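Participant: Just dropping this structure here.
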Amino acid sequence: MPTVLPLSSGATLHALAARLYPIPRSITGPGVQETLALLATHAPIRIDGVASGTPLLDWEAPREWVFRSARLVAPDGRVVADAALQNLHVLNFSTGFHGRLSLEELRPHLFSLPDRPERIPYRTSYYRENWGFCLPHRAVEALAPGEYEVAIDAEHRDGRLVWGEALLPGESAEEVLFSTHCCHPQMANDNLSGLVVMTALAAELAARPRRRLTYRFLFVPGTIGAIAWLATHEAETKQIRHGLVAAGLGDGGAFHYKKSRRGAAPIDFAVPRALRRLGEAVEIEEFVPFGYDERQYASPGFDLPVGSLTRTPWGRYPEYHTDADDLDFILPAALEGSLAAYRAVVDELEARQVYRNLHPKGEPRLGKHGLYRSIGGDEAGRERELAMLWVLNLSDGNHDLATIAERSGLAPELVREAADALVGAGLLARD
Amino acid sequence: MPTVLPLSSGATLHALAARLYPIPRSITGPGVQETLALLATHAPIRIDGVASGTPLLDWEAPREWVFRSARLVAPDGRVVADAALQNLHVLNFSTGFHGRLSLEELRPHLFSLPDRPERIPYRTSYYRENWGFCLPHRAVEALAPGEYEVAIDAEHRDGRLVWGEALLPGESAEEVLFSTHCCHPQMANDNLSGLVVMTALAAELAARPRRRLTYRFLFVPGTIGAIAWLATHEAETKQIRHGLVAAGLGDGGAFHYKKSRRGAAPIDFAVPRALRRLGEAVEIEEFVPFGYDERQYASPGFDLPVGSLTRTPWGRYPEYHTDADDLDFILPAALEGSLAAYRAVVDELEARQVYRNLHPKGEPRLGKHGLYRSIGGDEAGRERELAMLWVLNLSDGNHDLATIAERSGLAPELVREAADALVGAGLLARD
Amino acid sequence: MPTVLPLSSGATLHALAARLYPIPRSITGPGVQETLALLATHAPIRIDGVASGTPLLDWEAPREWVFRSARLVAPDGRVVADAALQNLHVLNFSTGFHGRLSLEELRPHLFSLPDRPERIPYRTSYYRENWGFCLPHRAVEALAPGEYEVAIDAEHRDGRLVWGEALLPGESAEEVLFSTHCCHPQMANDNLSGLVVMTALAAELAARPRRRLTYRFLFVPGTIGAIAWLATHEAETKQIRHGLVAAGLGDGGAFHYKKSRRGAAPIDFAVPRALRRLGEAVEIEEFVPFGYDERQYASPGFDLPVGSLTRTPWGRYPEYHTDADDLDFILPAALEGSLAAYRAVVDELEARQVYRNLHPKGEPRLGKHGLYRSIGGDEAGRERELAMLWVLNLSDGNHDLATIAERSGLAPELVREAADALVGAGLLARD
């Protein structure tokens, strides 16, 4: 395992994104492998994968995409598109192609956005063989008739579908899943922001001296990577108690939380609570079966309690899936704030202790256990006792401490201290 | 089985009601038998029944009421009441009686409505032997002293309690029950309207080339007929998934839906949905354990999910249970609209498909099944894909398509098409 | 068993409180025994208990506190405190002590209320050996330096922890628990008011010719008495269907009902209903796991449906736990009104009849059972029939009569009469 370097600020997060930016990623091939290897220098991320052609639920693992270069040269010799400058120019997962074509022959292979004529779109063709270029619509319109030279040096070869995985064991085998997609090429918010924030979070949690819960970070090629992991880890999915899909964490927008399919899982309460605690605004949205990989985790055969925490949701900002989603579009402060938000969620989940009252019949005699004022009526420590009584009364396996705090109206810290004291006295145990 | 004649318009529905109008019906006897026989010329209605005296739950089948004529003649020879002109004049199920009585002796046998002095009321005496006449209160008040001649030619004899039943098998053994009462004498809205609309609906459904669900129509003498059917078909009740009691479908009032006892059965959603789709206003009312035969179907030992769809509910229009409920009171357009409403409910229930995702773990790869755009980012077909994703995600046995449409905000047709496409691709199956 | 004397009015309730007032009670010892013996002259209360040292859940039965006298004499010979005049003066459960101390040595043994300088506080030291005096703060401040004489004639000895219990069997083994604490010394509202009202209620219920439910009254030393009873009667707790903890029933304040831990148990509906019926205002409060012995009954290992009905809740009146909670503070009318309130709750619970329809399939034929109008349309008795239909329809084991009344909108008396009529006809039986 490589040496792990810390990521601690918006500036270092942004710098890591900048290093990842030019790598020509796709769902398979050297680009995604190089990306994961770089992330693995910062957090204990292990590269895992399956061979091309492996059946995966209703899918199968694609071949590797080996992309070297793509250039489109106009009849007058001008370079219309060069993926070395901006790798969105090549249709992602494009086959190789070399040839000379007329403009009319070329047109079906050109992708642009008529309504956003200055922008290069992000287009993919994973499951149908095709080649192509993505261009600003204005550039497409300006193309003169004549013979164009296409040189796409790319191939598909047998190899592996890979993903990155960091498993950080905790005291409990109950797992928190964080998943983010690692396949998008030269775009910063979608999804280098997710990659760097999740890498930083994994590094941070790995360094914690104690974790109550087990954390699993997945850095997966979108859709097929999540499918592959689910297909090969069905037993492990039973341990997942909470999960979030991370993406779009660098733009300046407010947080948006998309609920889990279940709609009332603990994560659906923990995320708003965490952000409220940070003083961050958060828009809560209902689950829909599209978006990022939460759609796979929430497929009815798994139905995992996985929500998604982003800033501005996909598709709702004009830079989305274009070259305008560049390094200037993501803000160091936003990245750092996103890391803080995820950290706060972790803290909520860590704090989300479900305890069990070991003396559930009658109140235990607090004084005997050194937990009670000796003179009745003395007001000192009264609140602390109330907190203990609440914790004892509600620790029946159904209530976590945060819920106890909400129901009692007592400060969460006080409730937590009460639980700690009761555990210390042998009256309470983690469930 | 007689030839079945189609009923297709308000005019033909009204014409059938007019043919039924003068028949002197009661819960048993030639009147109800003639009524059912006439309905059976329009729909595949089979006459079924049990012998008089058969124990039926807490009841027993009554004897047949053979009614021939009833006349009340005043001392001056004037005919005060003649059931040949209006069969409400005779106390329904009256015993026979011939004799001459003083006005005072006669009075206990005269029934009228002091608060609606012009109207002849509908009165019955099924379970206590009695004879009598129903008259306008004004007529009762005008009766002069003297000797009256009573001639009621009626008798009770052993025979059968009968009802009509049309069973229309569908692809599924799951049943929809439509029940309407067939025992009321010369009144149009209550309940010739129910009889003709249900007969037309049965005819229409019988003619459909395909029925997903099985439909059972009951034309039953009120209360005792429903009791009799339940008593003799307890096993069949297990198949009833949805049901409606039909009556009062010819007046000009708005639809009223009385919920099933369960209050949240699928029928309780399907009826409002159907009427909304038709642009028809509908008042939704809670279940109460009186009204029509829904009270029997909803008795706690059966608790069938049977609501009731009427226009103005019983007892809330002044013509109710009087001779003013005549052929002018029911409107061809109202009858036709009621048939359309019930047809829309049927369509809702037919459309109420619960599917099961056959690839519930992860999303299936739509492209592999010919269901996906080949170039990511192409907006064509996007909504169709969203619909497929919603259908796949929620087809876990708990959600029908209409619910999926409501939850997704997508057009029901789109959701239905998505389901069809997924079934075609082998990804989805009817549950 | 002693002769039982009736308690029938606010005056007699107050007079009994006055007899109990001077007895120096604590959780164990002659004071509480004398108290229970006096109550047992008014209601069939049996004294039960366990030996000192008996393990009781997380606790153990304390030794008996034998208290004889306590005097504190100032250097100038003035008697500063004499428990013979006001037994709050002695720290409750104080050890014996005789000696002469300087003021500085004495101070840690003096308890007072700086914010209520005229009042003698109530203080206890059950589980830590200590001696002390409770004084008005003004008196403490006025103490001159010098040598004080302390004479506390008290000891702890092996004996029994006792409680009073009245078990009044009903037709059903289902139990109602009424519990009140009997350990507080010379204070009237907290809790002589609870003792006298519960004693009167027990006497009254014992005298009833018929009880549907079984009633169990507990007169327990606070906390440890409830713990002791629970520890020794775990099997009996399974029969408890409803319960109330009674205290603070003599002040002039409005009723307060603190819900059971479950929050929606039948008792949580019965109490507000009963008070509404009496025209008494009642504040409804959520459960909290402190207060009186409801906290023991509601510990998660028992979770009994026990609420608490008081007037002004503990701690919310300035006289609370001081010598100002004297006989003038409790009002005969308040005591009598409290008895009426509890009686009304009993009546609610007695009336809370869950019946079962013995003919659940189809409606029974009311006429056959003499319960129906013979002529359909006769309006007389119509409401009575509706009530019978509601009772029949909802008597499926899930609905009590009060709920049926609320759901039907019919008067509770009418619903009750309907149930009685149906029982009389053999159509309905108590569940």
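Participant: Just to be sure I understand the interface: list residues from the stretch A:267-289 that lose 30 Å² or more of accessible area between the chain on its own and the complete protein assembly, 1.4 Å probe.
Facilitator: A:Phe287, A:Pro289
Participant: C:Glu34 to C:Arg68: FRET efficiency via 1/(1 + (r/R0)^6), r the Cβ-Cβ distance, R0 22 Å, to the nearest 0.05?
Facilitator: On the way: r = 13 Å, r/R0 = 0.61.
Taking R0 as 22 Å, the efficiency between C:Glu34 and C:Arg68 is 0.95.
Participant: Amide H to amide H, which residues 5 or more places from B:His242 or on other chains are under 5 Å from it, using H placed in the peptide plane?
Facilitator: Under 5 Å from the amide H of B:His242: B:Glu175, B:Leu177.
Participant: Using unit Cβ charges (K, R positive; D, E negative) and no other charged atoms, how large, in debye to the nearest 20, is the dipole of the stretch A:297-367 about its Cα centre?
Facilitator: Details: 7 positive and 11 negative charges, 162 e Å.
Approximately 780 debye in magnitude.
Participant: Residues with amide H under 5 Å of B:Ile27's amide H, sequence separation 5 or more or different chain, H placed in the peptide plane at 1.01 Å from N; which?
Facilitator: Excluding prolines and chain starts, which carry no amide H, there are no hits.
Participant: Can you give the calculated 222 nm mean residue ellipticity of chain A, where each DSSP H run of n ≥ 4 adds -39,500 (n - 2.57) and the sum is split over every residue, rounded to the nearest 500 deg cm²/dmol? It would help to have the intermediate numbers written out before the result.
Facilitator: On the way: 13 runs with 128 residues, N = 431.
Calculated from helices alone, the mean residue ellipticity at 222 nm is -8500 deg cm²/dmol.
Participant: Now for a different question. Are there any GluC sites (Glu not before Pro) in the stretch B:253-326 that are in a DSSP loop and have at most 10 other Cβ atoms within 10 Å? List them by number. Walk me through the numbers on the way to the answer.
Facilitator: On the way: sites: B:Glu280, B:Glu283, B:Glu285, B:Glu286, B:Glu294, B:Glu319; in loops: B:Glu280, B:Glu286, B:Glu319.
For GluC sites (Glu not before Pro) across the stretch B:253-326 that sit outside H, G, I, E and B with at most 10 neighbouring Cβ atoms in 10 Å, the list reads B:Glu286.
Participant: Moving to a separate point now. Between B:Asp76 and B:Glu174, what FRET efficiency follows from the Cβ-Cβ distance if R0 is 56 Å, with the result rounded to 0.05? Could you put the intermediate results ahead of the total?
Facilitator: Details: r = 64 Å, r/R0 = 1.14.
Efficiency, rounded to the nearest 0.05: 0.30.
Participant: Taking a 32 Å limit on the Cα-Cα distance, which of the listed pairs C:Lys259/C:Lys361; A:Lys259/B:Lys368; B:Lys258/C:Lys361; A:Lys238/B:Lys259; B:Lys258/C:Lys259; A:Lys259/A:Lys361 fall beyond it?
Facilitator: Numbers: C:Lys259/C:Lys361 37 Å; A:Lys259/B:Lys368 29 Å; B:Lys258/C:Lys361 21 Å; A:Lys238/B:Lys259 41 Å; B:Lys258/C:Lys259 35 Å; A:Lys259/A:Lys361 37 Å.
The answer is C:Lys259/C:Lys361; A:Lys238/B:Lys259; B:Lys258/C:Lys259; A:Lys259/A:Lys361.
Participant: Sorted by accessible area with a 1.4 angstrom probe, largest first, how do A:Phe329, B:Phe217 fall? Before the final figure, lay out the partial values.
Facilitator: On the way: A:Phe329 40, B:Phe217 0 Å².
Sorted by accessible area, descending: A:Phe329, B:Phe217.
Participant: Compute for chains C and A the buried accessible surface, both sides summed, probe 1.4 Å, and express it in Å² to the nearest 100.
Facilitator: Numbers: alone 17970 and 17980 Å², together 33680 Å².
Buried surface at the C/A interface: approximately 2300 Å².
Participant: A further question follows. Output the residues of the stretch C:294-334 meeting this criterion: accessible area (heavy atoms, 1.4 Å probe) in the chain alone minus accessible area with all protein chains in place is 10 Å² or greater.
Facilitator: Buried-area filter returns C:Arg295, C:Gln296, C:Ser299, C:Pro300, C:Gly301, C:Phe302, C:Trp314.
Participant: Below 8 Å, C-alpha to C-alpha, sequence gap of six or more: please give me the relative contact order for chain B in percent. Show your work: numbers first, answer last.
Facilitator: On the way: 939 pairs, mean separation 70.7, N = 431.
With pairs under 8 Å counted, the relative contact order is 16 percent.
Participant: Another one. I'd like the trypsin sites (Lys or Arg not before Pro) in the stretch B:171-260 restricted to DSSP loop residues with at most 13 other Cβ atoms within 10 Å, sorted by number. Don't skip to the answer; put the middle values down first.
Facilitator: Details: sites: B:Arg210, B:Arg211, B:Arg212, B:Arg216, B:Lys238, B:Arg241, B:Lys258, B:Lys259; in loops: B:Arg210, B:Arg211, B:Arg212, B:Lys238, B:Lys259.
Loop-located and lightly packed - B:Arg210, B:Lys238.
Participant: Could you pull out every whole DSSP H run in chain B that spans at least 27 Å of Cα extent along its own axis and averages 0.0 or higher on the Kyte-Doolittle scale?
Facilitator: Details: long enough: B:332-351 (28 Å, 0.40).
Answer set is B:332-351.
Participant: How far is it, in nm, from the label point at A:Ala84 to the one at A:Arg19 when both lie 7 Å from their Cα along the line to the Cβ?
Facilitator: Result: 2.4 nm between the two label points.
Participant: Apply the Karplus curve 6.51 cos²θ - 1.76 cosθ + 1.60, θ = phi - 60°, to the phi angles in the stretch B:309-322 and return the couplings in whole Hz, x for Gly and Pro.
Facilitator: 3J(HN,Hα) across the stretch B:309-322, in whole Hz: 10, 10, 8, 4, x, 3, x, 9, 10, x, 6, 3, 6, 9.
Participant: Need one value: the accessible area of A:Phe97 in square angstrom, 1.4 angstrom probe, rounded to the nearest 10.
Facilitator: Accessible area of A:Phe97: about 60 Å².
Participant: For C:Ser125, tell me the accessible area in Å² from a 1.4 Å probe, rounded to the nearest 10.
Facilitator: 0 Å²
Participant: Sequence-distant or interchain residues sharing an amide H contact under 5 Å with A:Phe302, placed H: which?
Facilitator: Amide H neighbours of A:Phe302, under 5 Å, 5+ apart: B:Gly362.
Participant: Right, here's the next one. Can you name the residue in chain C whose Cβ lies closest to the C-to-B rotation axis, and give that gap in whole Å?
Facilitator: Residue with the nearest Cβ, plus whole-Å distance, for chain C: C:Ala264, 11.
Participant: Also, quick follow-up: Which distances, in nm and shortest first, link the C:Lys368 label point to the same label point in every other copy, taking 7 Å along Cα→Cβ?
Facilitator: So the label point of C:Lys368 gives 6.3, 6.4 nm to the other copies.
Participant: Still on this structure, please answer the following. Roughly to the nearest percent, how much of the accessible area of chain A is carbon and sulfur, given a 1.4 Å probe? Show your work: numbers first, answer last.
Facilitator: Working: 8140 of 15720 Å².
Ligands and nucleic acids excluded, carbon and sulfur give 52 percent.
Participant: Right, something else. Keeping all protein chains in place, calculate the accessible area per residue for chain C (probe 1.4 angstrom), answer in Å².
Facilitator: Working: 15700 Å² over 431 residues.
So chain C comes to 36 Å² accessible per residue, rounded to a whole number.
Participant: From the phi of every residue in the stretch A:355-371, what ³J(HN,Hα) in whole Hz does the Karplus formula 6.51 cos²θ - 1.76 cosθ + 1.60 yield, where θ is phi - 60° and glycine or proline is x?
Facilitator: So the J values, rounded to whole Hz, are 9, 10, 5, 7, 10, x, 9, x, 6, x, 7, 4, x, 4, 9, x, 10.
Participant: Continuing with the same structure: Using a basic spin-label model with each label point 7 Å from the Cα along Cα→Cβ, how many nm lie between B:Ala264 and B:Ser102?
Facilitator: 6.6 nm
Participant: With no solvent and one point on each alpha carbon, what is the Debye value of log10 I(q)/I(0) for the stretch B:247-299 at q = 0.14 Å⁻¹?
Facilitator: Rounded to two decimals, the profile gives -0.38.
Participant: Given q = 0.11, 0.13 Å⁻¹, what are the Debye log10 I(q)/I(0) values for chain A, with equal point scatterers placed on the Cα positions and solvent ignored?
Facilitator: Rounded to two decimals, the profile gives -0.85, -1.10.
Participant: Which number comes out as Rg/Rh for the stretch A:321-424 once both Rg and the Kirkwood Rh are worked out on C-alpha atoms? Show your work: numbers first, answer last.
Facilitator: On the way: Rg = 20.4 Å, Rh = 16.2 Å.
So for the stretch A:321-424, dividing Rg by the Kirkwood Rh gives 1.26.
Participant: Between the stretch B:88-130 and the stretch C:148-211, what's the alpha-carbon centroid distance in Å?
Facilitator: Centre-to-centre (Cα) distance: 68 Å.
Participant: With charges set only on the Cβ (+1 for Lys and Arg, -1 for Asp and Glu), what does the dipole of the protein assembly as shown come to about its Cα centre, in debye to the nearest 20?
Facilitator: Details: 135 positive and 168 negative charges, 280 e Å.
Its charge dipole is roughly 1340 debye.
Participant: Residue by residue through the stretch B:172-181, which ³J(HN,Hα) values in whole Hz follow from phi under the Karplus form 6.51 cos²θ - 1.76 cosθ + 1.60 (θ = phi - 60°), with glycine and proline marked x?
Facilitator: Running phi through 6.51 cos²θ - 1.76 cosθ + 1.60 with θ = phi - 60° gives 9, 6, 5, 10, 10, 9, 10, 10, 8, 8 Hz.
Participant: May I have the pair-distance distribution P(r) for the stretch B:215-357, computed from all Cα-Cα distances with 10 Å bins from 0 and rounded to whole percent?
Facilitator: Going from the shortest bin to the longest, the percentages are 11, 40, 36, 12, 1, 0.
Participant: Would you be so kind as to list the residues of the stretch A:391-406 that have their accessible area lowered by at least 20 Å² in the full protein complex compared with their chain by itself (1.4 Å probe)?
Facilitator: Listed in order, they are A:Asn393, A:Asp396.
Participant: Any idea what % of Cα-Cα pairs in the stretch B:8-56 are farther than 15 Å?
Facilitator: Working: 644 of 1176 pairs.
Of all Cα-Cα distances in the stretch B:8-56, 55 percent exceed 15 Å.
Participant: Between copies, how close do the A:Arg210 label points come, placed 7 Å along Cα→Cβ, listed in nm from shortest?
Facilitator: 6.4, 6.4
Participant: So how far, in whole Å, is the C-alpha centre of the stretch A:1-65 from the one of the stretch B:41-60?
Facilitator: 75 Å
Participant: Just to be sure I understand: of the beta bridges DSSP finds with both ends in the protein assembly as shown, what percent are antiparallel, rounded to 5? It would help to have the intermediate numbers written out before the result.
Facilitator: Working: 124 of 196 bridges.
Roughly 65 percent of the DSSP beta bridges within the protein assembly as shown come out antiparallel.
Participant: Under a plain spin-label model, where a point goes 7 Å from the Cα along Cα-to-Cβ, how far apart in nm are A:Arg430 and C:Arg116?
Facilitator: 4.4 nm
Participant: Additional query: Estimate the FRET efficiency between A:Glu283 and C:Glu417 by the formula 1/(1 + (r/R0)^6), using the beta-carbon distance for r and 51 Å for R0, to the nearest 0.05.
Facilitator: 0.35
The values are calculated or read from the model by the stated rules, or taken from the named source; none is laboratory data. These numbers come from a predicted model, not from an experiment. Don't worry about glycine lacking a Cβ; one is built from the backbone with ideal geometry, like all the others, and counts go over all protein chains shown. Quick note on the areas: whole protein, heavy atoms, side chains included, nothing else; ligands and nucleic acids left out. Shrake-Rupley method; radii C 1.70, N 1.55, O 1.52, S 1.80 Å.
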